[in-house]
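The values are calculated or read from the model by the stated rules, or taken from the named source; none is laboratory data. Just so we're clear, the structure is a prediction, and the values are computed from it rather than from any experiment. Every residue, glycine as well, gets a Cβ built from its backbone with ideal geometry; the counts of neighbours run over all protein chains shown. Heads up: the accessible areas ignore ligands, DNA and RNA and are worked out on the full protein's heavy atoms, side chains in. Shrake-Rupley method; radii C 1.70, N 1.55, O 1.52, S 1.80 Å.
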Amino acid sequence: MIQDLKFAIRQLFKAPGFTLSAIVVLALGIGANTAVFSLVYTMLFQARGYSRPAEVVQIYSQDRKNPQNYRLFSYPTFQDIRQQNTVFTDVMAHNSAMMGVGEKGNMRRAFGSMVSSNYFSVLGVRPAQGREFLPEEETPGKPAYVAIVSDSYWQKRSRDPGLLGSEIIVNGRPFTIVGIMPRGFTGTMHIFGTEVWLPLSVYDQMANDFQTVEHEVFGERNARQLFVVGRLKPGMTAASAEPSLRGLATNLEQAFPVEQKDQTFLAAPLPRFATSTRPNTGAEVSTLGALLVGMAAVVLLVACLNLANMLLARGTARRKEIAIRLALGARRGRIVRQLLTEGLVLALLGGTFGVVLALWSSDLLVASLGQMVPIDIVWLSGPSPALLIATLTFCVLGTLAFGLGPALKLSRAAVVGDLKEQAGEDIVRRRWKFLPRNPLVVVQFAFSLALVTAAALFIRGANKAANVETGMQTERMYLVELDANLGGYDRARGRQLYQAVEERLAALPGVESTSISATVPYGMISLGKRVQRAGIQPGPDEKPATAADGLAFASDWFSVGADYFKTTGVPLLRGRAFTHAEETQPGGPAVAIIDEKLAKKLWPDGDALGQRVQFPSETAPTARDGGKSGAGSFDEASGDIKPGESIEVVGIVPVIRDAIFNKDPGTAIYVPFGRSYQSNVFFFVKFARLSESSEASTADLLRRTIHEVEPALPILSLKTFEQHLEADVQLWLVRAGAALFSVFGGLALGLSVVGLYGVKAYSVARRTREIGIRMALGAQRAAVQRMILREGSAMLGVGLVLGLLLAFATGKLVSSMLYQVSSLDPIAFTVAPIVLAAAGLLATWLPARRATRISPMAALRTE
């Protein structure tokens, strides 16, 4: 083997052009597979950051009468489960929120969690430094201002050795850091990490206002605020634990018939990428992973076919060498081993560069996602043992894929015939005459066309997503996101600050109008409420079928200012906008503006304008048609609209699309900010004139103006509406899919074109004597050129036909991931074959053109 290795290295050094080309081809093919393996392995198979994850399950509270409904737990219910269960070694509780971390006036948004004192012990992880929370620090009503931070947070603080025991400002309140978690620990979710953990005792102070329902107080049994997670006892599974959990739920329902009515408990594995009230299998991530693996495998296959062609072409020139070795007594297995050793050396060199390419591309992809979301993405980059083993496996498989066939073919050479051949002859032996001259090139083009077509489909979807029609006029508009709660301001002070900010922004020169809104279309947060006709309250066992009977409709819910529709360019179809008094006064009348879709659902045969609606209680049946059923904030003390309160419909507006993937927008209801305060808000600021050159100075002006009102008011983001759309996570997903398919399709196309060019160029070089004889006997250059082009076009035509069949199948496979594009989109299925055919014809024409320049006399003298 050492002798074979030395000989292989010498042979590769003798052909530097071939060696370099082969390494590049393999680096691209193996690098693509290594990058995808790194991504898929990390997402689906990498061990989580806590011990024995198979034992950790989430407990869910399910409605027995309506199994599709799930809900969170109260702190007393969590305590009951913890103390009375017989299947868990321990049970913990947690919930998450976006928090403001930093200094006053210089806050940044971070992902934090409120957890029970045994949170870390249940997960089997101890702080790398410091301590866990104490049992008394989770007691409701006795807030303990202590915090545990992640390794990522410590890294952001330059790993300050004095961090332990220092203060961290969270939502304007000082907390003492008592622990630092080890590197790689992200909490209950995988990859997406928590930066700050706080004890449950500060839940009411830290939870975002859209996380509370009907002014729930933490610690009361009727509250629904916590996710519950348990560690199973040895030998137990989620399925075997369910009978005990159902019995526990029955006992609690008997003890608390109102709070626990119709609730049963079940257990399921803890999701890797979600924190949800309902079980989540993560099938979408698995499907995406399988698709990525398939794409990368096709690229590696195309690369191997390309390299196999190159080895066959190079082996043709070495026929005499192999024939001489066989004639001198070398066994066929010895020849095969030598040729495979040369292939393995090439694969290892290509794999080395492929690892570098894979690590760079994976880090680039994760970094681009990290810029889109305010959540820590814990991605442990670097060559892990699993990554290196996978790369070595790809190298071995690649060697067998591209090297074994040529090795077996070349080692089967007819010794006498090969010894008699002249150097310039191109002998092609084919058992099956109906196959194209170079079937490997045909297969390359078929797979390449499938990937290029898929790339065209995703690019079409990305272009449509980037130019989505929002229904709003957002030109020359800035969005400013503020959150008074993150600065430690209460609701009363927050109202005063927001009113002052809006007045100062509206007074700026060049500003046409401004408005406040609790949410923004295409934002990370969307809120929802159920809406029904006022004055109707069906009983808990009634199932109304129509709006007249009391059926409630899940709708998107917007808390907006008086000039919201004027600023965003949304026309009022009928009725009026909100007044400034309704925007600013918490005790004003309960009024609302609804879109025409909700109006038609509530009054299908009448006019909704002037009618009255209400937000029903939790027990009201709901029609979920395209809308979202979310939690709002109802606080009697602050004047917020309460369930059952009659609300007058004062306006009707068109349906507004608020998410890229929301092909059929749901219904929407708009209420004045005065009766629906939210601490996290957006200010829409529309200018009469705004140029790209003035964007930076305009943003600086807006920032200064807000700080003049209150220097410590946290500004979470400040951007134009176009920049806001560009930062949409759903748009990033569409573009990432288009980029991945484009990269894979481009790699396959490039490899196929290079393969076709290499085969034809080598064929022309080997047929120099034949071409010279033809031209000496009177063949015209055009005839020779047509001969070469005809042979290449035949391979290309067969490849395109097979490729279109594969493209149809690929389009059907990815149809669910396409954005407003048919899986048989005519533009994609026209452009992709044209691009591939043009590239293939160019790759064939260049050798054909070279063939016509051969001098007959020089060709005849070639040995």
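When the Cα atoms of region 516-618 are enclosed in a convex hull and the volume is divided per residue, what value in Å³ results?
That works out to 127 Å³ per residue.
For region 808-849, rounded, prolate or oblate, judged on the Cα gyration tensor with a ≥ b ≥ c (square roots of eigenvalues), a/c < 1.5 rounded, else prolate if a/b > b/c?
prolate
Send over the Kirkwood Rh of region 479-548, from the inverse of the averaged 1/r over different Cα pairs, rounded to one decimal Å.
16.2
Counting only the heavy atoms of the protein chains, how much of Phe256 is accessible to a 1.4 Å probe, in Å² to the nearest 10?
About 60 Å², rounded to the nearest 10.
Working from the alpha-carbon coordinates of region 73-138, get Rg over Rh, Rh being the Kirkwood radius.
1.06
Hey, rough spin-label estimate for Gln496 and Arg108, points 7 angstrom out along Cα→Cβ, what's it come to in nanometres?
3.1
Give me the Å³ per residue figure for the convex hull around the C-alpha atoms of region 80-214.
Given the Cα convex hull of region 80-214, per-residue volume reads 125 Å³.
Within 14 Å, Cβ to Cβ, of Thr705, how many net charges do the neighbouring residues add up to if Lys/Arg are +1 and Asp/Glu are -1?
-2
Given C-alpha coordinates of region 30-142, what is the ratio Rg to Rh with the Kirkwood estimate of Rh?
Rg/Rh for region 30-142 comes to 1.05.
Give, in nm to one decimal, the length gained when the segment between Val356 and Gln3 is fully stretched (0.36 nm per residue of separation minus the Cα-Cα distance).
So the extension gain works out to 124.1 nm.
Between Arg334 and Thr237, what length in nm is gained on full extension when 0.36 nm per residue of separation is reduced by their alpha carbon distance?
Gain in length upon complete extension: 29.5 nm.
Using a Förster distance of 51 angstrom, determine the FRET efficiency expected from the C-beta separation of Arg10 and Ala783, and round it to 0.05.
Efficiency for this residue pair is about 0.75.
Excluding ligands and nucleic acids, what accessible area in Å² is computed for Glu645 using a 1.4 Å probe, to the nearest 10?
Roughly 40 Å² of Glu645 is accessible to a 1.4 Å probe.
Read phi for every residue in region 790-800 and hand back ³J(HN,Hα) as whole Hz from Karplus 6.51 cos²θ - 1.76 cosθ + 1.60, θ = phi - 60°, with x for Gly and Pro.
Couplings: 5, 5, x, 5, 5, 4, 5, x, 4, x, 5 Hz.
Of Lys142/Lys642; Lys464/Lys566; Lys543/Lys597; Lys156/Lys233; Lys601/Lys719; Lys601/Lys642, which ones are farther than 32 Å apart at the Cα?
In this structure, Lys156/Lys233; Lys601/Lys719 lie more than 32 Å apart at Cα.
Can you tell me how much longer the chain between Gln723 and Ala838 gets when fully stretched, taken as 0.36 nm per residue apart minus their C-alpha distance, in nm with one decimal?
Contour length minus the Cα-Cα distance gives 37.7 nm.
With N set to the residue count of region 219-265, report its C-alpha Rg divided by 2.2 N^0.38 Å to two decimal places.
1.30
Could you work out how far apart the two model spin labels at Ile389 and Leu134 are, taking each label as a point 7 Å from the Cα in the direction of the beta carbon, and quote it in nm?
Label-label distance for Ile389 and Leu134, simple model: 4.5 nm.
Modelling each spin label as a point 7 Å along the Cα-to-Cβ direction, I'd like the Leu813/Asp363 distance in nm, to one decimal.
In this crude label model, Leu813 to Asp363 measures out at 3.1 nm.
Working only with C-alpha atoms, what are the Rg and Dmax values of region 167-206, expressed in angstrom?
Here Rg and the maximum Cα pair distance are 11.5, 29 Å.
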